[in-house]
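**Q** Have a look at this one before I ask anything.
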Amino acid sequence: MQRTEVLIIGGGITGAGIARDLACRGAELVLVEASDFSNGATGRCHGMLHSGARYAVNDPISATECAAENTIFKRIANFCIEDTGGIFVSLKNDDLDYADRFLSSCKKTGVAAKEITVEEALKKEPMLSKEIVRAFEVPDASVDPFLLTLGNIESAREANAIALNYHSVREFEINEGVIDKVIVENLRNGSVEIFKPEIVVNASGAWANKIASLANLSIEMTLDKGSMVVINGRLTNGLINRLRKPSSGDIIVPSYSSSIIGTTSIRVDSPNENKATEEEVDFLIRETAMMIPDIAISRAVRAYAGIRPLCGSDRSCGREISRTFQLIDHSEQGIENFISVIGGKLTTYRLMAERVSDLVASKLGLSGSCKTAIDPLLSVNREDIHARIASSIANRVVRKSLLFANDVIQRCTEELRGMEVVCSCEEVLRGELSYWCNHQDVKELSDLMRRTRVGMGYCQGGLCIFGLLSTMIDHSDRDPMELLVRFIIERERGVEPVLFRGQLKEEFFKEHLINGVYHLDAYLRGEYEKDLER
Amino acid sequence: MRKILNVETDILIIGHGAAGLFSGAVLSSFGKQVMIVGEGATSTSLSTGNIIFQRDFDGNVEKRKDREITISEALMPYVFREHLDTEFINAEIRAMTAFLLPRLNNCGLVLNGSINRNQVLLTNTGFPYSCTFAQMFASKGDLTNLSEKDIALLGLLGYKDFDPDLAALLISKIMNMKNVSAYWTQISEFRRRYGMHPTEVAHLTHNDGFQEQLANAIKDIDCDAIGIPPIFSLLDYQLRMTELEKRTGREIFEVVTPLSLPGLRFHEALRLAARKEGCRLSEGLKASSLRIIGRRAESAILKGKFMDTEVKFGCLMICTGGLLGGGLIANGNKIADSFDIFQVEKMPNFTYSNTKYGVHSLIQMIANYGLKADSSMHLYLKTGERLENVLGAGSVLEGCSFPAGLGLGGALLTAWISTKNALEVLDQ
Amino acid sequence: MNVALRTSDCIKCSACNTVCPVVSIDGISGFSGPRNLVVDLPRFFAGRMISSQEIFKCTTCWKCEEVCPSSLPLPDSILRLREMMFNEKNLVEGHKRIVENIDRYGRSIEPQLGERMVYVKHEAEILYFPGCISEMRVTSIFDATVQLLEKADVKFGIPANWVCCGAPLEKIGDLNRLESLREMNLMRFGRFDEIITSCPGCTTQFFRHYDRDPLHTIEVLWEATRKNRLKFKPPRNSIRVALHHPCHIKRTIGPQIIDQAYDLLQSIPKVKIVELGDPDKCCGGGGGVVAGFPDLALKLATSKMMDACRSGADILLAPCPFCVLNLRRVDIGRVEEFITFINVYAEREA
């Protein structure tokens, strides 16, 4: 049994942000996450750092929050942001009234929007449709949610926090209005770990109600599915938004070598209903192609969906629910040491974490104050790294490697095959994989994926899977076929709705390769032994 | 202004993959004038070159989605479902193998094969990591009793595509073999840190210095048989492998790796075999339309980049391949043949009973389409009619395409049987 | 960028990299291959991207497109990137010389042996366009072609003051000069629609950009043979020949021409055709590589000549002046231009 001051349930950006904030204030804490960090809505979001402009007219509270956090974010978490800026565009039949209100609403909420001419917009974004009638420049940016979450986790660990992935909360033991013990299962080996926390923070996002129910409580929230499609190639320099009342198919976000188009809003009943459908894919492509026509002839590589944990439960339309967040102190419902946090956006995670941490700190009597708006998330000494390998490679690797850049570069340069490119879509080096394979958090091949971007390029792991497996087996005695199958299943999740044209052919080819080289179909039928008898 | 050249031939074969090339070689060997045209890639050249005729449905009845099928049905390409005679199929497989092997031998690639019991075990070079050792060729001898031997796998630093540790692990775990060991060696010209592409490797391997070093590395390893990565090009293959075996006193076999595209070498060997038999091979021409008079197809227009050819033929064979080869095309999952005149049908689905791999079956379901053919391999038009002199072979046929069908084995077998019908058509 | 280059449908099969002659000779660290250059890298750019000089190592052999399951226009994409990158002040040394030669002489090469005289002996019905190499380097081609056309009774004329067809400029991405050369030539060609060419580079150029009807000399001779205007006498002793399939014939003008070349060879008694293992492997002469990266071109040529020697042929025949030029830099084996060879044994049918 382990005693601690704070137990945080949920390793998405909210949980990670709270962990960092509290750890920096001196709290003793443990964070548990049922799968890998950022595998909930955080890892399935659009990757937008909002300027707030999208909410200026209809959701001014959110807009103000986003506008303020946007500036802070760019100061403290530079390493995971592509500060590309963005443009809001209206098309011919869009509500011109909305466009007029847009600028004044932005001013009122502190969002830095500026109208530009159509010519200027087309110059900045040559792929924009020629049908646009008005354009506004905003400080939107693209953010890597995996890096961000891991950055918070590592920063928390630096301040002595403990963070455990693949640990699932099974039970609360409640004693006289207090959560006395939390029973957690370690999914790596099936063992049970018992924590005795002073405070429990429920930051489990779409699963908040499930966790609350362990204490026989319920939270009023709406689960709202948003789907995105990953389009091959960077079609825009910055973000593109539709200038109208927030609807579906409004947004295009450039992210590394892809463009992510989104999003939809569909009410669902459980956090497991997170598959994007063919209809959603067709719709998103059609709708966003109105802004960037080339989307219609580009290659859709993958579709994915995340579940938004929105506050409140009576609205029929998910879009009408405010994107602000809600703190729930369950002492009002009879459990003294239980806090839940729902709602919010990736952009405002730091603010959410600050508020939660303030509440926790006051309950614990912690004296430290919040410095997360000032202290940068990570700082790495870059000089000696650049000296050792070519700067283009160094930049990329350093960015991804968080606090471990030195060790990663060392592996790349000193290991025999360290500089081999294993993933040619994302240019991931063998040394990087070799480092992360040894990291305590890494259990599956998809964990490696989230940390190095291997398999996230347009082949979605088709070719690099072999190199990936060969790196992994050096460091683990897991059954390689089991690892292979689980990775393939993970990658296949988002492929079904985009199986047409180029993608269909590619999946066919991968089938050829994987069945042909690994005889996967025979493995799955349990027929290897029979093959042996021939 | 597009020029049109006029050509005549006995047989026009459209499709230059395994089915097309093999059909051409067979028909040419019977003295017929054969013209093979093809365009673009082939699934054959992207495959692992592994030819398996029989999935192991030993003694059981399998369940397909809507009905139970007998073992015999599972053993052969779907197009032969009316021939439930296993004996017939096995006899044809043997005859086909007897024709194919020596011709591929002459092209330096396939060197030996084993036929035992009711099974034909054929592949070109090497084996996939997890396939039975028996399904493999080496430069001489029969490797069917490899499980009793000491096997070593040798990786070359710089050839990043082959990891002997991974291969050894898979083979020993999955095949329950205790005596597989892995080694690495460094040969001087190889750029080990950054990895080399298989083709640049093949370029370095034909010189004597390389082979000397490789032989020495092999001699240092105590084993009966040793697996090396696919480092020799087709033209050198037989010579190099035999020489290596002589120098080292070991049985040498080649291990298939993902990027080595062994199907490419198999395809090259088939091309050479077809050319040696006297086929005329015109690659880069796309079949665009057929001229049909009554119940016969008379000629086809083939389009090149700047010049067209009109080919008059006695018999036409369609071997354009499945989805990957471009013979069948899918638009939003609606499958059509590339001419849009033949009838496309769907084979009943076959789903694996305990697959965890959901999308695997999805691809299978898409792969179960193909051109409808009768038992004499004549294709059906969309109108329901059959033309007297148009036959099909290969993955383009209903249910023949990998992974639903038998892949290369199905392509070769359907080609073998189709050519008999083609000869009949020509003799009429 | 992939949409602009039309390379979105790549399935990452690596077939293109596997067949690329430059990858196999220079290594993936020297030339990263068509997939990396026009599929992988462009994904990271929404607009203009600058590629490195590496992109000029492609010989435009077109084999990558031939084997691509998605039929991606890989060589055209490479040429497009070269266009986008073209900067007169920043050219590879050899390409700088091409541009200077064009400006000074209207030819891609410096005149060394003086211009051939123009002659229009009869009332011409068709033009003959010799091209820079036949006229001023491998002049045996020019001489042989003129003789053969006369034997075949073809009423041809050579346009006065013709300039380079522009193919080398397309390969280095200089569209402006390409356009001015084209305009000049079109004026010289006047009313003539059909043009006989010696160099497949010129033939391809005329097809793609000139909207005229070009013919390779092989086609003309093949027709003439079918119409019994030519006959062939045998050599004194048997000769074993192998035929190289130039990239710009096999994969650009049309594989039919190669068939016609074989037909012509088969018409000559005592000439035995020997098969090369890989007859359409690039010789290294195309894409501006001879000028830009002469060592690379030599390596490719050496590989080809070694194939020829291995095949047991006495002579390697190549129906392309550029191929011949590059292959002759290798000091093993014997290579002859195709028409020049045919001319020795061809006679006018009385």
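**Q** With respect to residue A:173, determine if the residue is surrounded by fewer than 17 Cβ atoms within 10 Å (Cβ to Cβ) and without any contact (Cβ under 8 Å) to a residue 60 or more places away in the chain.
**A** Judged against the criteria, residue A:173 is a match.
**Q** Kindly evaluate residue C:148 against the criterion of being surrounded by 20 or more Cβ atoms within 10 Å (Cβ to Cβ) and assigned to a helix (DSSP H, G or I).
**A** yes
**Q** Under 30 Å from residue C:8 (Cβ atoms), surrounded by 20 or more Cβ atoms within 10 Å (Cβ to Cβ), out of contact with any Lys or Arg (no Cβ under 9 Å at 6 or more places or on another chain) and outside the structural domain of residue A:13 (by TED's automatic domain parsing): does that describe residue A:459?
**A** So residue A:459 does not fit the description; no.
**Q** Another one. Inspect all residues belonging to the range B:261-273 and state whether any of them is among the acidic types (Asp, Glu), closer than 30 Å to residue B:199 by Cβ and touching a Cys at 6+ places or on another chain (Cβ under 9 Å).
**A** Checked the range B:261-273: at least one residue is among the acidic types (Asp, Glu), closer than 30 Å to residue B:199 by Cβ and touching a Cys at 6+ places or on another chain (Cβ under 9 Å).
**Q** How about the range B:1-34: which of its residues are within 14 Å of chain C (Cβ to nearest Cβ) and surrounded by fewer than 24 Cβ atoms within 10 Å (Cβ to Cβ)?
**A** Once the filter is applied, which keeps residues that are within 14 Å of chain C (Cβ to nearest Cβ) and surrounded by fewer than 24 Cβ atoms within 10 Å (Cβ to Cβ), the range B:1-34 yields B:1, B:2, B:3, B:4, B:5, B:6, B:7, B:8, B:9, B:33.
**Q** Can you name every one of the strands (runs of 3 or more DSSP E) wholly within the range A:161-252 that holds 2 or more residues which are within 14 Å of chain C (Cβ to nearest Cβ) and under 18 Å from residue A:285 (Cα atoms)?
**A** Fully inside the range A:161-252 and qualifying: A:221-232, A:239-242.
**Q** Could you list all residues from the range C:146-170 that are among the small types (Gly, Ala, Ser) and closer than 27 Å to residue C:86 by Cβ?
**A** Hits for the range C:146-170 are C:166, C:167.
**Q** Take residue C:279 and tell me if it is touching a residue at least 40 places away in the same chain (Cβ under 8 Å) and over 19 Å from residue C:152 (Cβ atoms).
**A** Against the criterion (touching a residue at least 40 places away in the same chain (Cβ under 8 Å) and over 19 Å from residue C:152 (Cβ atoms)), residue C:279 does not qualify.
**Q** For residue A:259, work out the one condition from (1) within 14 Å of chain C (Cβ to nearest Cβ); (2) in a strand (DSSP E or B); (3) touching a Phe, Trp or Tyr at 6+ places or on another chain (Cβ under 8 Å) it doesn't fulfil.
**A** All conditions pass for residue A:259, except number (3).
Residues are listed down the side, and each one gets a yes or a no for (1) under 23 Å from residue B:3 (Cβ atoms); (2) among the polar types (S, T, N, Q); (3) within 10 Å of chain B (Cβ to nearest Cβ):
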{"site": "C:161", "(1), (2), (3)": "no, yes, no"}
{"site": "C:187", "(1), (2), (3)": "no, no, no"}
{"site": "C:191", "(1), (2), (3)": "yes, no, no"}
{"site": "C:199", "(1), (2), (3)": "yes, no, no"}
{"site": "C:203", "(1), (2), (3)": "yes, yes, yes"}
{"site": "C:238", "(1), (2), (3)": "no, yes, no"}
{"site": "C:251", "(1), (2), (3)": "yes, no, yes"}
{"site": "C:259", "(1), (2), (3)": "yes, no, yes"}
{"site": "C:262", "(1), (2), (3)": "yes, no, yes"}
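**Q** Can you name every residue in the range B:260-293 that is small (Gly, Ala, Ser) and in contact with a Leu (Cβ under 9 Å, 6 or more places away or on another chain)?
**A** Within the range B:260-293, B:263, B:269, B:273, B:274, B:282, B:287, B:288 meet the criteria.
**Q** Next up: Suppose we filter the range C:22-53 for residues that are more than 9 Å from chain B (Cβ to nearest Cβ), part of a helix (DSSP H, G or I) and either hydroxyl-bearing (Ser, Thr, Tyr) or under 21 Å from the mean Cα position of the chain (by Cα) (or both); how many remain?
**A** Final tally of qualifying residues: 2.
**Q** Which residues, taken from the range A:471-514, are of a type in the set (Gly, Ala, Ser), away from chain C (no Cβ under 14 Å) and surrounded by fewer than 22 Cβ atoms within 10 Å (Cβ to Cβ)?
**A** Hit for the range A:471-514 is A:476, nothing else.
The values are calculated or read from the model by the stated rules, or taken from the named source; none is laboratory data. Here the structure is a predicted model, which means the values were calculated and not measured. Every residue, glycine among them, receives a Cβ derived from its backbone with ideal geometry; neighbour counts consider all protein chains shown.
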